[in-house]
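Everything on this sheet refers to the single structure shown next.
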Amino acid sequence: MTSIAYDQLSAADHSRELRKAVIAATVGTTIEWYDFFIYGTAAGLVFGKLYFPNSDPTTGVLLAFSTYFIGFAARPVGAAIFGHYGDRIGRKATLIATLMLMGIATFLIAFVPSYDSIGIWGGIMLTVLRAIQGIGVGGEWGGSVLLSMEWSRTGQHNRGFLASWPQWGVPAGLFLSTIVMLAATAWSGDQFITWGWRIPFILSIVLVGIGLWIRLGILETPVFQKLLNENKIERAPVLEVLKKQPKEVLLSALVRLGQQSQFYIFTAFIYAYGTGTLKMSRDFILTAVLAASVVSFVSVPLFGHLSDRIGRRKMYLIGTVVCGLFGFLYFGMLDTAIPAAVFIAIVLSLIPHDMMYGPQAALIAEAFTPRLRYSGSSLGYQFASVIAGGPAPLIATALFAAYHNAYAIAIYLALCSVITLIATALMPDYTGKDVSAEYDA
């Protein structure tokens, strides 16, 4: 289909293709994040015992979260690889590849033998598959956001809302992973650590099949098709974006620091803290996180929509301030060890996060010129994984071990928010502007 054909689409046809693109992006990210989150849950609950049994409990958790971090360290690699192809051959084809890579790696994790069977090789195999997971998810985000955002017609003021739907895949993936993990614990009972935890990883292959079926039925975005027709494809988009828009790449990573560090403490570290320090039951924490993900079903697109009304950057700045303060309230409620207070703290925890996460996709993706957008947005977004998401559970575990006080973690989160506040103030805001034309034309 040529760019002329895209231009001649009726309003009804365009709306239909837009819906298909948004659904394909959202379902795909839901599946990718389901895969990513079941690893985080398993790392907090069982991996320390299964793959590092000779360590004391704190060291075992640190080692388990170290393999968790590997997935984050690999994400910029995936961003560079798939960003290159996303800007060279298209958003659709690249997204099919990322989904397959992530899904196969997740499925294979279910069959990794424990330390008792093959010693340290189990931990090594786990780490390799986690790295492959990270490469896959590193290329997923940029393409999914562009698939939704680049179907928005010029002049429409709903890009923040449209781009928030791939972000919605995060709480959806968290919900799915948590509910499947709860079902696995109920089904396997005392055998959960032996074999029950493997069930969610096995089921991932079914979700991948569904995701591939949906993505094969979509069209390429009009923005990328226009680049093809006008012969504006870059030979080396990753190198070009680092040369032409290095500021935007750096700022994209820093605006995520306050958001991502908080998210992975609230959804991964909480399992180790809740069961180990607070002595709460595994199912209680899982249920609370499940409830928090349901709240995000509403709050992520809501704040994406609000960013279309008041501006992307303004919405993000408000969210950053709220996030920086919320950590103190969160850990204050947790440390009461009162079940109702703990439950409420966990359920509320993702709302401040979503004030940033809803508008974040559009804020970052709009900052890059179309021919470099997949590479630039992916690199900026995934560089944050190395400085924020990956280290956050490790830093939280180490801070609590050193100070025996959760407010040390809250101070860490507040400092991350200060950095994000400065970076957001420097970030360009393209709310309501045309993002289909090359910025440097």
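Got at least one residue in the range 357-371 being of a type in the set (Phe, Trp, Tyr) and not in a helix (DSSP H, G or I)? For the range 357-371, residues of a type in the set (Phe, Trp, Tyr) and not in a helix (DSSP H, G or I): present. Listed conditions (1) within 16 Å of residue 332 (Cα to Cα); (2) touching a helix residue (DSSP H, G or I) at 6+ places or on another chain (Cβ under 9 Å) are all met by residue 391, apart from (1). Check off (1) closer than 21 Å to residue 292 by Cβ; (2) part of a helix (DSSP H, G or I); (3) of a type in the set (A, V, I, L, M) for residue 317 and give me the number that stays unchecked. Going through (1) closer than 21 Å to residue 292 by Cβ; (2) part of a helix (DSSP H, G or I); (3) of a type in the set (A, V, I, L, M) one by one, residue 317 breaks only (1). Taking the range 105-162 as the range and being among the β-branched types (Val, Ile, Thr) and open to solvent by 10 Å² or more (accessible area, probe 1.4 Å) as the test, the residues that pass are 118, 120, 124, 127, 128, 132, 135, 154. Contact annotation: residue pairs with Cβ atoms under 9 Å, 6 or more positions apart or on different chains, pairing a residue in the range 8-30 that is on the phi < 0 side of the Ramachandran plot and β-branched (Val, Ile, Thr) with a partner that is in a loop (DSSP other than H, G, I, E, B) and open to solvent by less than 70 Å² (accessible area, probe 1.4 Å), are 22/151; 23/218.
Among the numbered conditions (1) open to solvent by less than 10 Å² (accessible area, probe 1.4 Å); (2) modelled with pLDDT under 90, the only one that residue 73 does not meet is (1). Taking the numbered list (1) of a type outside the set (A, V, I, L, M, F, W, C); (2) open to solvent by 30 Å² or more (accessible area, probe 1.4 Å); (3) under 20 Å from residue 226 (Cα atoms) in turn, residue 403 passes all entries but (3). When residue 424 is tested against (1) of a type outside the set (Asp, Glu); (2) assigned to a loop (DSSP other than H, G, I, E, B); (3) farther than 25 Å from residue 48 by Cβ, just one condition goes unmet, and that condition is (2).
The helices (runs of 4 or more DSSP H) found wholly in the range 151-229 and carrying at least 2 residues that are under 30 Å from residue 433 (Cα atoms) and not basic (Lys, Arg) occupy 159-188, 222-229. The set of residues in the range 333-356 that are open to solvent by less than 30 Å² (accessible area, probe 1.4 Å) and outside any loop (DSSP other than H, G, I, E, B) comprises 334, 341, 342, 345, 346, 347, 350, 352, 353, 354, 355, 356. Here residue 206 meets the list (1) closer than 18 Å to residue 40 by Cα; (2) surrounded by fewer than 24 Cβ atoms within 10 Å (Cβ to Cβ) almost entirely, failing just condition (1). Taking the options 391, 359, name whichever one is within 21 Å of the chain's Cα centre (by Cα), open to solvent by 10 Å² or more (accessible area, probe 1.4 Å) and not small (Gly, Ala, Ser). Only one candidate qualifies: 391. The set of residues in the range 16-56 that are more than 21 Å from the chain's Cα centre (by Cα) and of a type outside the set (Lys, Arg) comprises 17, 18, 46, 47, 48, 50, 51, 52, 53, 54, 55, 56. Residues that are of a type in the set (A, V, I, L, M) and either closer than 19 Å to residue 158 by Cβ or open to solvent by 10 Å² or more (accessible area, probe 1.4 Å) (or both): does the range 373-381 have at least one? The answer is no; no qualifying residue exists. Within the set 289, 300, 294, the sole residue that is among the β-branched types (Val, Ile, Thr) and at pLDDT 95 or above turns out to be 300.
Considering (1) assigned to a helix (DSSP H, G or I); (2) in contact (Cβ under 8 Å) with a residue 60 or more places away in the chain; (3) more than 16 Å from residue 376 (Cα to Cα); (4) under 23 Å from the mean Cα position of the chain (by Cα), the lone condition that residue 122 does not fulfil carries the number (4). With respect to the stated conditions, residue 174 fails to be open to solvent by 10 Å² or more (accessible area, probe 1.4 Å) and either under 25 Å from the mean Cα position of the chain (by Cα) or under 28 Å from residue 369 (Cα atoms) (or both). Would you say residue 253 is without any contact (Cβ under 8 Å) to a residue 60 or more places away in the chain, open to solvent by less than 40 Å² (accessible area, probe 1.4 Å) and among the small types (Gly, Ala, Ser)? Criteria not met by residue 253.
The values are calculated or read from the model by the stated rules, or taken from the named source; none is laboratory data. Note that the structure is predicted; figures quoted are calculated from it, not measured. Quick reminder, even Gly has a Cβ in these numbers, built from the backbone with ideal geometry, and neighbours come from all protein chains shown. Heads up: the accessible areas ignore ligands, DNA and RNA and are worked out on the full protein's heavy atoms, side chains in. Shrake-Rupley method; radii C 1.70, N 1.55, O 1.52, S 1.80 Å.
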